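Notes for the one structure printed next.
The values are calculated or read from the model by the stated rules, or taken from the named source; none is laboratory data. Computed from a predicted model, the values in this text were never measured in an experiment. Neighbour counts are summed over all protein chains in view; Cβ atoms, including those assigned to glycine, are modelled from backbone coordinates with ideal geometry. Note: areas computed on protein heavy atoms with side chains; ligands, DNA, RNA excluded. Shrake-Rupley method; radii C 1.70, N 1.55, O 1.52, S 1.80 Å.
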Amino acid sequence: MPSETGKSDMERIGLFSEMEYISIGDKYVSPFNRPFNDAASKNKQMLPGGNKEKAATQAGYFDPVYARIFEGESYLNPVQLRRRYRMAESKKNLGKPFLPSNGEKFPCGIGTYYGTIGGPCAYFSAQAKDKMPYVAPGKNLYTNPGKKGTGYGYANLTIGKPYPHSVELYDQGRINFKKMSEEHHRLMKGGAFKLNLYPREYFDVNPYHDDKPLPPPKKQPPPAPVTQPFKPTSPAKKPGGMKAGTFDPYPTHSVDPYIVQLAKPVTTNKQGRVFHPSPGPKSRPVRSIMSLNVEKSLNATNYTNPQVMSY
């Protein structure tokens, strides 16, 4: 149905008809300015006495009288207790108390025996003791001097006897190799295998290299004389509110009146009014599920113990 503004409910909120309101004529109160507990601000409230500060009196404590931790305990002197304990322990001694020996004594200088256990030592005489007569030892072992030579090519230079000479062919290895090669060539049926391929280099030959001499240079024709010098074109002209810099001149003025030409004719109905198509579906504001649950489960009766309902 059309509202006071003249728009239908479909155009305003996208519905065929707007839902009816339960509270008609009530004043709108913003949810931000609405108190949490409206009933708590109407009648008299509980007024506490305020907090108390600690002082020299008992006013800042919960108990009216200060309570001791140990009620009725006696006073004990720890110094007196330690003295009584030492006196009781000293009665257990059988004799006199133990006295430690004096400290060690330090000598008053070098060569003195003050503070030592043994005391002074006997006098040391400079007289030598009786000794056995010296007997010279015998002569050492005499050997012949070392023989000169390096050992290679010189005979009789070692400790033992020289090695005996053994007869051995000098070219025995070459003779054996010659026999093996002759036997190898005897078993061969023909000559060595050879390929008929021409050996080439790793890279191709330079195709642009030519060993022939270069032909004589061609004679260039003489340059033609310049009859008329080159003249560049004029620079572009800037349009100063006219057609000075354009290719075409200014067009002629037409005396036709100004008429707006429409691309398509305007469609009208039988009454001659302009046809307007119906608008498409429009979106409307939707409240979140959390706000709906809070509004349903939190009210004036259960605000002390709110419980959010789950769907």
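Residue-by-condition table, conditions (1) open to solvent by 100 Å² or more (accessible area, probe 1.4 Å); (2) free of Cβ contacts under 8 Å to residues at least 60 places away in the same chain; (3) closer than 30 Å to D9 by Cα:
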| residue | (1), (2), (3) |
| --- | --- |
| S23 | no, yes, yes |
| A59 | no, yes, no |
| N102 | yes, yes, no |
| G109 | no, yes, no |
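For E53, the criteria (1) within 26 Å of T304 (Cα to Cα); (2) open to solvent by 70 Å² or more (accessible area, probe 1.4 Å) hold in every case but one, which is (1).
Please verify whether the stretch 116-128 includes one or more residues that are surrounded by 10 or more Cβ atoms within 10 Å (Cβ to Cβ) and at pLDDT 80 or above. Yes, because at least one residue in the stretch 116-128 is surrounded by 10 or more Cβ atoms within 10 Å (Cβ to Cβ) and at pLDDT 80 or above. Considering only the stretch 287-297, I want to know if a residue exists there that is in a helix (DSSP H, G or I), modelled with pLDDT of 70 or more and open to solvent by 100 Å² or more (accessible area, probe 1.4 Å). The answer is yes, given that some residue of the stretch 287-297 is in a helix (DSSP H, G or I), modelled with pLDDT of 70 or more and open to solvent by 100 Å² or more (accessible area, probe 1.4 Å). In the stretch 134-158, the residues that are open to solvent by 100 Å² or more (accessible area, probe 1.4 Å) form Cβ pairs under 6 Å with partners that are of a type outside the set (K, R), at six or more places apart or across chains, as follows: K147/L157. Residues in the stretch 159-181 that are in a loop (DSSP other than H, G, I, E, B) and open to solvent by less than 90 Å² (accessible area, probe 1.4 Å): G160, P162, S166, D171.
M46 fulfils the conditions (1) more than 59 Å from the chain's Cα centre (by Cα); (2) in contact (Cβ under 8 Å) with a residue 60 or more places away in the chain except for a single criterion, (2).
Find all pairs meeting these conditions: Cβ atoms under 6 angstrom apart; at least six residues apart or on different chains; first residue within the stretch 79-97 and at pLDDT below 90; second residue open to solvent by less than 100 Å² (accessible area, probe 1.4 Å) and assigned to a helix (DSSP H, G or I). No pair meets every condition.
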